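Visitor: Mind having a look at this structure? Questions to follow.
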Amino acid sequence: MRSVFITFILLNSFLFALSGEEVFKQKCASCHQYYVPQNKIIANAKHDNKDLNLAAPTLTEMSFMIKDQVGDRALDAEGQKFQIEEWLTDYLNAPTKDKGVIPDEFTRFFEVMPSMKGQLNEDEVEALTDFIYVYSEKMTVAHSVKRYSYEEAKKIAKEQNKIILIEGYISFCRGCIRMDREVMVEDKVKEVLNKDFVFVKKNFLIEKLPLGIKHLGTPSFYFINSDGDKVIEMVQGFGTADEFLELLKNVKKMAENQ
Ligand code: HEC
């Protein structure tokens with residue numbers, strides 16, 4: 001009898017596991033939009049919120065800044081999430097301008113959020129925390145140009161006569177994060193990358209570059225010919241979408257002249 005009962009409970013909690021996405025949809029999404037590309041957010045803030053007329057920060061902005069600013073990033077995910085849950089509980093109960101972690105330039109045109117005291121239980125805040133914690137990164141990957149492993153990239157480059165582009169990064173590198181959020185998600189960049197390049201990301205803390213290339217600081221970009229045996233160009237640093245497009249154009253020319 002007892003084991004049957006336990007199975008029943010487990011099955012039950014599995015079936016009805018609270019989804020942070022659902023809680024957000026029901027209790028937050030009336031004010032907070034989900035995703036707007038970072039360049040549009042930056043322009044909107046410069047124009048006093050007149051471009052987008054947002055009622056509140058987007059979920060993507062909140063997710064990014066909360067993960068960056070709340071709790072101790074040196075802890076493992078569970079440890080930091082525990083601290084975020086505490087912060088979020090306090091914020092939702094008694095929001096003030098000071099408690100926010102998104103820079104003022106992006107929030108100065110918003111009202112203070114109304115308190116949600118008594119409207120969410122602990123399980124709901126925990127589920128929301130899980131959802132918020134991963135959201136920004138998920139959006140960046142989803143809206144970015146497709147990433148391949150180096151082995152896949154080599155094959156595609158050879159078959160389709162494309163240039164292999166490797167981006168070297170490490171976590172917490174500001175320039176790398178800006179490249180991901182502000183450049184790799186732009187349509188005009190994706191269009192050029194999809195046409196002539198195959199994109200690979202390598203984490204320099206744990207991965208090496210092919211062909212014995214000595215890596216530069218991060219972020220850095222390594223262009224390899226379609227045969228996979230020659231470096232066409234390598235550069236280091238952050239650039240805007242337009243600067244990056246200029247670089248891609250030059251590399252394409254160099255590849256053609258080889
Ligand atoms: C009635 C509209 C409204 C609803 C509903 C709402 N919010 Fe907000 N929220 C706002 C506004 C406006 C701000 C900006 C406040 C500011 O700039 O001080 C905000 C700010 C925040 C911030 C702080 C952002 C920062 O600067 O760090 C968090 C976190 C947040 N909301 C989470 C939530 C969550 C989670 C829910 C759902 C449970 C929710 N909000 C529901 C309007 C709302």
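Read-outs: derived from the displayed coordinates by stated rules, not from any lab. Small disclaimer: the values here were computed from a predicted structure and weren't measured.
Visitor: So which residue, out of P95, P37, P103, gets the largest mean-square fluctuation from a GNM of the chain using Cα contacts under 10 Å as springs?
Guide: P103
Visitor: Got the relative contact order for the chain handy, in percent, Cα pairs under 8 Å and 6 or more residues apart?
Guide: The value is 17 percent.
Visitor: Between R174 and D68, what is 0.36 nm times their sequence separation minus the Cα-Cα distance? Round to one decimal in nm.
Guide: Between R174 and D68, full extension yields 37.1 nm more.
Visitor: Given 37 °C and 0.692 mPa s, how large is the Stokes-Einstein diffusion coefficient of the chain in µm²/s, with Rh as the Kirkwood radius over Cα pairs?
Guide: 157 µm²/s
Visitor: Tell me, in nm to one decimal, what length is gained between Q236 and E207 on full extension, where the rule is 0.36 nm per residue of separation less the Cα-Cα distance?
Guide: Difference between extended and current length: 8.7 nm.
Visitor: For K214 and D123 in the same chain, what is the full-extension length gain: residue separation times 0.36 nm, less their Cα-Cα distance, in nm?
Guide: Length gained between K214 and D123: 27.9 nm.
Visitor: So if the hydrodynamic radius of the stretch 66-210 is defined as the Kirkwood radius over C-alpha pairs, what does Stokes-Einstein give as its diffusion coefficient at 25 °C and 0.890 mPa s, in µm² per second?
Guide: 136 µm²/s
Visitor: Starting from the Cα gyration tensor of the stretch 150-256, take the square roots of the eigenvalues, sort them a ≥ b ≥ c, and report rounded, prolate or oblate (rounded when a/c is under 1.5, otherwise prolate if a/b is larger than b/c, else oblate).
Guide: Working: a/c = 1.64, a/b = 1.12, b/c = 1.46.
It is oblate, given that a/c is not under 1.5 and a/b is not larger than b/c.
Visitor: Using only C-alpha atoms and all pairs of different ones, pull out the Kirkwood radius for the stretch 160-218 in Å with one decimal.
Guide: Working: mean 1/r = 0.0795 Å⁻¹.
Its Kirkwood hydrodynamic radius stands at 12.6 Å.
Visitor: Looking only at the chain, where both bridge partners belong to it, what percent of the DSSP beta bridges are antiparallel (to the nearest 5)?
Guide: Antiparallel: roughly 55 percent of the beta bridges in the chain.
Visitor: Another question, then. Which values, in whole Å and largest first, are the semi-axes of the equivalent ellipsoid of the stretch 23-72 obtained as the square root of 5 times each eigenvalue of the Cα gyration tensor?
Guide: Details: eigenvalues 76, 50, 13 Å².
Working through the eigenvalues yields semi-axes of 19, 16, 8 Å.
Visitor: Using Cα pairs under 8 angstrom and six or more residues apart, how large is the relative contact order of the stretch 150-256, in percent?
Guide: 36 percent
Visitor: Nearest 500 deg cm²/dmol is fine: what mean residue ellipticity at 222 nm does the chain get from its DSSP H runs of n ≥ 4 alone, each adding -39,500 (n - 2.57), divided by its residue count?
Guide: Helix contribution divided over all residues of the chain: -15000 deg cm²/dmol.
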